[in-house]
1. Here's a check for you: in segment 2-13, which residue that is buried (at least 16 other Cβ atoms within 10 Å of the Cβ) and more than 16 Å from the chain's Cα centre (by Cα) is farthest from residue 91 (Cα to Cα)?
2. Kindly indicate whether residue 118 is under 12 Å from residue 65 (Cα atoms) and free of Cβ contacts under 8 Å to residues at least 60 places away in the same chain.
3. Of all residues in segment 150-163 being assigned to a strand (DSSP E or B) and not aromatic (Phe, Trp, Tyr), which is farthest from residue 83 (Cα to Cα)?
4. Tell me which residues, restricted to segment 129-161, are under 18 Å from residue 67 (Cα atoms) and touching a Phe, Trp or Tyr at 6+ places or on another chain (Cβ under 7 Å).
5. Identify the single condition in (1) surrounded by 14 or more Cβ atoms within 10 Å (Cβ to Cβ); (2) more than 20 Å from residue 118 (Cα to Cα); (3) among the aromatic types (Phe, Trp, Tyr) that residue 85 does not satisfy, given that it satisfies every other one.
6. Which count do you get for residues in segment 72-97 that are under 22 Å from residue 121 (Cβ atoms) and of a type in the set (Lys, Arg)?
7. Mind telling me which of the residues 123, 139, 73 ends up being more than 22 Å from residue 2 (Cα to Cα) and in contact (Cβ under 8 Å) with a residue 24 or more places away in the chain?
Amino acid sequence: MITIRDFNDGDTEQLLSVLNDPEVVKYLSSKIPTPYTLQDAKWWITTGSKLGIVKAIEFNDSLVGCISADRGEFEYQRSAEIGYWIDKSFWGQGIATQAINDFLPFIFKTTDIVRLFASVFSENAVSMHLLAKCGFELEAVHKKAIYKNGKFYNDHIFSVLKT
C-alpha cells in the first residue's frame with residue numbers, strides 16, 4: 001500500500017541510501033548535495049521538507065520516494081512545479097504513478113494552485129511517459145535549457161490544470 005506522509009527521523013538511513021544512488025539523482029536538481037551526507041538528511045527531515053509542499057512516499061511501511069510541489073512566487077503563485085524521485089529498487093512497480101495520482105487531487109483540493117508543471121530532462125523518457133500517463137500534457141521544449149555535469153539537455157515542460 002502506498003501512503004503519502006511527512007518525513008520523519010526514521011527516514012534518515014533510507015534518504016542516505018537512495019540519494020547517494022547515481023541512477024536516482026541523475027535527472028534531479030543539482031541542489032541535492034553529492035555526496036548526500038547524514039547532515040543533509042537531518043536537515044531535509046527537520047527543515048527542507050517543511051518548505052513548500054513536500055511528502056514522503058511510503059510503500060509497505062518503508063520510505064521509497066518523495067513528491068513535492070514548489071509554488072511559484074508573485075504572479076506565478078497559483079502555479080507549482082511538481083518533482084518526485086523513487087528508490088531504484090522500486091522502479092517499474094507503479095508506485096510513482098499512484099503517488100502522482102494521489103498527490104494531484106491533494107494539491108488541487110487543499111490549495112489554490114490551479115496548474116502543476118514538471119521540468120523533465122530530454123533523456124528522461126520514463127518520466128515523460130509517467131507524466132503523460134497521469135494526465136500531464138507536453139507544453140513546450142526549451143532547447144539546451146538544462147546544464148548538468150558538463151552536459152546540455154533540452155527541458156521538456158509538462159503541465160496539468162485543475163479542472
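1. Initial filter on segment 2-13 (buried (at least 16 other Cβ atoms within 10 Å of the Cβ)): 2, 4, 7, 11-12.
Filter once more, so that each one left must be more than 16 Å from the chain's Cα centre (by Cα): 11-12.
Numbers: 11: 19, 12: 20 Å.
That would be 12.
2. Numbers: under 12 Å from residue 65 (Cα atoms): no; free of Cβ contacts under 8 Å to residues at least 60 places away in the same chain: yes.
Against the criterion (under 12 Å from residue 65 (Cα atoms) and free of Cβ contacts under 8 Å to residues at least 60 places away in the same chain), residue 118 does not qualify.
3. Residues of segment 150-163 that are assigned to a strand (DSSP E or B), as a first pass: 151-161.
Now restrict to residues that are not aromatic (Phe, Trp, Tyr): 151, 154-157, 159-161.
Working: 151: 21, 154: 17, 155: 14, 156: 13, 157: 12, 159: 12, 160: 13, 161: 16 Å.
Here the residue is 151.
4. Answer for segment 129-161, where residues must be under 18 Å from residue 67 (Cα atoms) and touching a Phe, Trp or Tyr at 6+ places or on another chain (Cβ under 7 Å): 131, 136, 157, 158, 159, 160.
5. (2)
6. Within segment 72-97, residues that are under 22 Å from residue 121 (Cβ atoms) and of a type in the set (Lys, Arg) number 1.
7. Sole residue among the options that is more than 22 Å from residue 2 (Cα to Cα) and in contact (Cβ under 8 Å) with a residue 24 or more places away in the chain: 123.
Every number here is computed from the coordinates shown, using simple stated rules; none is lab data. As the structure is a computational prediction, the values presented were derived from the model and not from experiment. When we count neighbours, we look across all protein chains shown, and the Cβ atoms used for this are built from the backbone with ideal geometry, even at glycine.
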